[in-house]
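Each value in this text was obtained by applying a stated rule to the coordinates, not by laboratory testing. Computed from a predicted structure; not experimentally measured. Quick reminder, even Gly has a Cβ in these numbers, built from the backbone with ideal geometry, and neighbours come from all protein chains shown.
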Amino acid sequence: MENQSAQPKNVMITYGVILGVLSVIFALVYYVLGKTYEQDSLRSILSFVLSAVVIFLGLKKFKELNNGYLTIGQAIKTGLGIAMISGLISVIYTILFMTVIEPEYVNNVVEVSRQAILEKYPDFSDEQLEQALDMTRKFSSPGMMAGIILLFSAIFGFIISLIEGLILKNNPETV
């Protein structure tokens, strides 16, 4: 009997949407709590763990659908697909957030940055401060934010998929 391998597309879409929706809910909770402009390591850790768990569940589901087999390549392809679909959903949410929910987002980020810079570097000249704030404005634009989200989705999706693929791998020829 010929062993047909499962196609990862449905798993990518299903778990990518799950991760994307959970990420949006996570961001909305921070918004409701008034913590949108706060940078804390807990937020980053929770976001990373959420991604790792959902990608792991997606890889596990793909392995189940693939008769218990999962290669590193399949894991990377599937996990990266999950991460990128989630990233696209996050981009859509971020653009909506910045233009509809919180249209003053960029100005607020600049003001928070101004205060943080002045606290940390009280000797900054007006010129240095303005240069730093110009960079903040550029990196906080919707287009740049979209690019950053997709880049980080790809990088972390690859890393998570590789690690979890090494854990879950089970090649047909090694069984």
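Projecting each Cα onto the charge dipole of the chain (Lys/Arg +1, Asp/Glu -1 at the beta carbon, about the Cα centre), which of SER47, LEU70, ILE13 comes out farthest on the positive side?
The Cα lying farthest towards the positive end belongs to LEU70.
Treating only the Cβ atoms of Lys and Arg (+1) and Asp and Glu (-1) as charged, compute the dipole magnitude of segment 42-175 about its Cα centre; round to the nearest 20 debye.
That gives a dipole near 820 debye.
Where a ≥ b ≥ c are the square roots of the eigenvalues of the C-alpha gyration tensor, would you call segment 74-129 rounded, which needs a/c under 1.5, or, failing that, prolate if a/b is larger than b/c, or oblate?
Oblate.
Run the numbers on the chain and let me know its relative contact order in percent, using alpha-carbon pairs under 8 Å that are six or more apart.
Once normalised by length, the contact order is 35 percent.
Calculate the radius of gyration of the Cα atoms of segment 1-90 to one decimal place, then report Dmax, the largest Cα-Cα distance, as a whole number, both in Å.
According to the Cα coordinates of segment 1-90, Rg and Dmax are 15.4, 58 Å.
What translational diffusion coefficient, to the nearest whole µm²/s, does segment 84-166 have by Stokes-Einstein, given a Kirkwood radius computed over alpha-carbon pairs, a temperature of 37 °C and 0.692 mPa s viscosity?
Answer, rounded: 225 µm²/s.
On alpha carbon coordinates alone, what is the Rg over Rh value for segment 26-175, Rh being the Kirkwood radius?
Expressed as Rg/Rh, it is 1.11.
Using DSSP to define loop residues, name the GluC sites (Glu not before Pro) in segment 1-91 whose beta-carbon has at most 14 other beta-carbon atoms within 10 Å.
The qualifying sites are GLU2, GLU38.
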